1. Restrict the search to the range 25-90; then list the trypsin sites (Lys or Arg not before Pro) that DSSP places in a loop and that have at most 15 other Cβ atoms within 10 Å of their Cβ.
2. Looking at the range 1-53, which chymotrypsin sites (Phe, Trp or Tyr not before Pro) are DSSP coil and have at most 11 other C-beta atoms within 10 Å of their C-beta?
3. Ignoring ligands, DNA and RNA, what percent of the accessible area of the range 160-254 is carbon or sulfur (1.4 Å)?
4. Keeping every protein chain in place, order F202, F196 by accessible area at 1.4 Å, biggest value first, i.e. largest first.
5. Just the accessible area per residue of the range 197-271, please: how many Å² with a 1.4 Å probe?
Amino acid sequence: MMEMTTNLTKPISKKLLFAMLIVTFGAEILLYLTRYSVLASTFYDAVMVSSFFIGWKLYPRLRGKQAHLKSPRQHMLQFTGAFLIFFLGSSFVNIYSSLTFEDFNNDYDQYVQEYTESEVFEGNEPEVPAVQEQPIGDFFEKIDSIGTDIYNDLLAGLEEVWRLAYMILLLLVFKKVFPRRWERGSRDVFLMAALFITSILFGIDHTLDTEQPWAIRIGAIVTFANMGFLFGMILLWTRNLWLTVIVHALYDITATLSWYYIDYAVEYFTLGILILHISLHMSEKIIQKRNMRQKMTVPPDQLEEWTHKVE
């Protein structure tokens with residue numbers, strides 16, 4: 001991890017530093033203001049969209065030296081593994097929260113129910129006279145509904161750029177405040193501290209846009225902080241920002257679909273990911289064994305040249 005923290009804390013230009021402050025502190029201020037202003041919500045969405053370009057600048061700092069040596073199959077295997085880890089971890093978090101924070105659990109269930117009912121076409125409304133344009137209107141109404149949900153879930157995936165930017169800012173502060181300990185090489189502690197702090201902030205941020213009683217707010221903070229910690233661990237394990245963004249976005253999309261479009265969408269999707277993961281894992285093992293057998297038959301004087309070709 002020492003290499004990772006060194007890369008993350010390389011000198012930052014003033015423009016990039018300003019952009020990171022906007023996507024972290026600025027986004028949190030806008031998120032809080034969304035409880036009062038629709039315009040603030042629009043600006044918040046704009047910041048989330050712009051964070052894609054900030055993530056593009058930060059992404060190389062996180063990647064390891066061996067990242068470019070991985071095959072597409074190995075990258076896909078890492079993605080499926082990361083999604084399965086988050087699904088299992090989030091399942092435990094949800095069970096824990098449902099048993100520990102009853103007020104939050106009831107409030108969340110009510111929110112999902114109200115959200116679901118608001119998206120279902122009302123069958124008790126007065127019948128509209130049949131016109132030629134009505135089917136087209138219904139079609140685009142459905143497209144708007146689904147499209148808005150998927151759009152919001154994609155923006156949620158970009159919260160991982162927020163996380164990485166926050167971790168870098170915290171590491172820079174640690175490096176400045178504790179220079180001696182930083183130079184001694186004890187940087188894993190700082191990295192884990194940055195992960196813990198951003199996880200807590202991730203939980204708090206999920207309570208900024210609405211006013212809630214403290215019994216509900218504490219449950220939300222603990223629940224989403226644990227979710228954030230899982231995403232942070234995936235980010236540090238894979239050292240791949242965009243992979244983590246995709247895992248976050250896909251999980252949110254399938255969760256939204258399961259609310260009112262497809263029952264158990266998360267479970268069905270996870271089952272498909274599990275089957276794909278097992279298939280990729282078996283394929284990877286077969287290829288590794290084949291390469292080992294070929295390596296044993298290559299003459300020693302040609303071994304180095306053959307190894308470079310395989311990689």
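1. When the trypsin sites (Lys or Arg not before Pro) of the range 25-90 are filtered for loop state and at most 15 Cβ neighbours within 10 Å, R35, R63, K65, K70 remain.
2. Y36
3. That fraction is 68 percent.
4. Result, largest first: F196, F202.
5. 42 Å²
The values are calculated or read from the model by the stated rules, or taken from the named source; none is laboratory data. None of the values given here were measured: they were computed from a predicted structure. Backbone-built Cβ (ideal geometry, glycine too); neighbour counts: all protein chains shown. We work out accessible area using only protein heavy atoms, side chains counted, and drop any ligands, DNA or RNA first. Shrake-Rupley method; radii C 1.70, N 1.55, O 1.52, S 1.80 Å.
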